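All remarks here apply to the structure that follows.
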Amino acid sequence: MFDVVVIGAGPSGASAALFTAKAGKKTLVIDNDKSVTKRAWMENHYGVLEISGPDLVETGKKQASKFGAELVTATVTNVSKTDGGFKVETDQTEYEAKHVIVATGLMADLAEKVGLTTKPGTEPRIKTILDVDAQGKTNIEGIWAAGTIAGVSMHTIITAGDGAKVAINVISEMNGERYVDHDVLKK
């Protein structure tokens, strides 16, 4: 069983996975390789002079993998509650998880199928988002949402930050105390 399954490996999903894996949580990222970020060009991402969307997505996946996150390419078809957490079904197989982070960008179909509460989007061209609280919790205990699907701005720097925020909240809940991840310069 995974501690956390992240659905989506765009900026919010990969960022969330980077934090959960680095915190020692057994993390799986399931991505269908259809991120809208793969069509983007960024010159407004702090710390990066310029980068293509495909390069940003690949870098995020590598960072999450570096800390032990497992990545699979598949399409999630359903998420259902079990005694110990959730069953996450894909078009290929199924996985078990204690927590699920939905980071599906523009795609709300799965969330609606699972029974997550939605509301109208506020960003241009974003029709539907999930109704989440300030921590990223949805109406189903143990399912969280991050990034554009959670109603934050589509800008990659913002969705990545939201993925990190939600991951910190998931880790804190799992640990029973506030989690902080600060690295320091190595001498």
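The values are calculated or read from the model by the stated rules, or taken from the named source; none is laboratory data. Since this is a predicted model, take the numbers as computed values, not measurements. Backbone-built Cβ (ideal geometry, glycine too); neighbour counts: all protein chains shown.
Pull up segment 141-187, narrow it to residues that are assigned to a helix (DSSP H, G or I) and among the acidic types (D, E), then point me to the one that is nearest to L56 (Cα to Cα). I'd like the intermediate steps shown before the answer.
The initial filter retains those residues of segment 141-187 that are assigned to a helix (DSSP H, G or I), namely 147-150, 156-175.
Those left that are additionally among the acidic types (D, E): 162, 173.
Numbers: D162: 16, E173: 29 Å.
The residue in question is D162.
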(request) Only residues that are of a type in the set (S, T, Y) and within 24 Å of I171 (Cβ to Cβ): list them for segment 118-138, please. (result) T138
(request) Take segment 139-187 and flag every residue that is hydroxyl-bearing (S, T, Y) and either touching a residue at least 12 places away in the same chain (Cβ under 8 Å) or closer than 19 Å to T122 by Cα (or both). (result) T148, S153, T156, T159, Y179
(request) Can you tell me which residue within segment 11-57, out of those that are among the hydrophobic types (A, V, I, L, M, F, W, C), free of Cβ contacts under 8 Å to residues at least 24 places away in the same chain and surrounded by fewer than 16 Cβ atoms within 10 Å (Cβ to Cβ), is nearest to S172 (Cα to Cα)? (result) V48
(request) Mind listing whichever residues of segment 94-109 are farther than 28 Å from N175 by Cβ and outside any loop (DSSP other than H, G, I, E, B)? (result) D109
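Tell me which residues, restricted to segment 113-160, are among the charged types (D, E, K, R) and at pLDDT below 90. Steps first, please.
Taking segment 113-160 as the starting set, the residues that turn out to be among the charged types (D, E, K, R) are 113, 119, 123, 125, 127, 131, 133, 137, 141.
Passing the criteria: E123, R125.
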(request) Output the number of residues of segment 66-104 satisfying the condition of being touching a residue at least 40 places away in the same chain (Cβ under 8 Å) and hydroxyl-bearing (S, T, Y). (result) 5
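Could you list, in sequence order, the residues of segment 136-156 that are in contact with a strand residue (DSSP E or B) (Cβ under 8 Å, 6 or more places away or on another chain) and closer than 29 Å to I51 by Cα?
Correct list: G136, W144, A145, A146, T148, I149, A150, G151, T156.
Taking segment 72-90 only, how many residues are modelled with pLDDT of 95 or more and either buried (at least 17 other Cβ atoms within 10 Å of the Cβ) or not β-branched (V, I, T) (or both)?
Filtering segment 72-90 for residues modelled with pLDDT of 95 or more gives 72-82, 85-90.
When the remaining residues are screened for being either buried (at least 17 other Cβ atoms within 10 Å of the Cβ) or not β-branched (V, I, T) (or both), the result is 74, 76, 78-81, 85-90.
Within segment 72-90, residues that are modelled with pLDDT of 95 or more and either buried (at least 17 other Cβ atoms within 10 Å of the Cβ) or not β-branched (V, I, T) (or both) number 12.
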